[in-house]
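The values are calculated or read from the model by the stated rules, or taken from the named source; none is laboratory data. Small disclaimer: the values here were computed from a predicted structure and weren't measured. All Cβ positions, glycine included, derive from the backbone under ideal geometry; neighbour counts span all protein chains shown. Keep in mind that these areas ignore ligands, DNA and RNA; they rest on the heavy atoms of the full protein, side chains included. Shrake-Rupley method; radii C 1.70, N 1.55, O 1.52, S 1.80 Å.
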Amino acid sequence: MTDIDIAEKLEELLRKTGSEHHKAFIKTNGEDPEWPLWYADYLLDKLAKLLNAKFTKSELIYLLVMVEKERALMAPGADWPRYYTNFFIERYI
């Protein structure tokens, strides 16, 4: 699989994750102040396999918080799945 293929699959995975999270929190219109916990549970195995990387749930939570803080500071209007994809690709591919 090429880096471009991995990036496309990762962005697709992140978009699906966002959709699934929204469904899980439909009563609050997707609002969840503890979203990194939910995302880490959902993504851990899928992301590790896709990136051929090993990280704990705690490490993934840390990375998710870090990428969101970075996106909010550096590119507040950016498409978050694409931004997150670039963040993970730069670190793991």
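Structure summary
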quantity: Spatial extent of the chain: Rg and Dmax, with the Cα atoms as the point set, Å; calculated: 12.8, 39
quantity: Cα-based helix-to-principal-axis angle, 35-51 vs the chain, degrees rounded to 10; calculated: 20 degrees
quantity: Loop-located chymotrypsin sites (Phe, Trp or Tyr not before Pro) in the range 1-81, at most 15 other Cβ atoms within 10 Å (DSSP); calculated: 25
quantity: Acute angle (nearest 10 degrees) that the helix 57-74 long axis makes with the longest principal axis of the chain, alpha-carbon atoms; calculated: 80 degrees
quantity: Environment charge of residue 46, counting only residues whose C-beta is closer than 10 Å and scoring Lys/Arg +1, Asp/Glu -1; calculated: +2
quantity: Those GluC sites (Glu not before Pro) in the range 1-92 that DSSP places in a loop and that have at most 15 other beta carbons within 10 Å; calculated: 31, 34
quantity: Dipole-positive endmost among 47, 88, 65 within the chain (Cβ charges, Cα centre); calculated: 47
quantity: Cα long-axis angle, helix 3-24 against the chain (0 to 90 degrees, to the nearest 10); calculated: 10 degrees
quantity: The chain, accessible surface, carbon-and-sulfur percent (1.4 angstrom probe); calculated: 54 percent
quantity: Test item: Cα-centred dipole of the chain, Lys/Arg +1 and Asp/Glu -1 on Cβ, debye; calculated: 140 debye
quantity: Per residue accessible area in Å² of the chain, where ligands, DNA and RNA are left out and the probe is 1.4 Å; calculated: 65 Å²
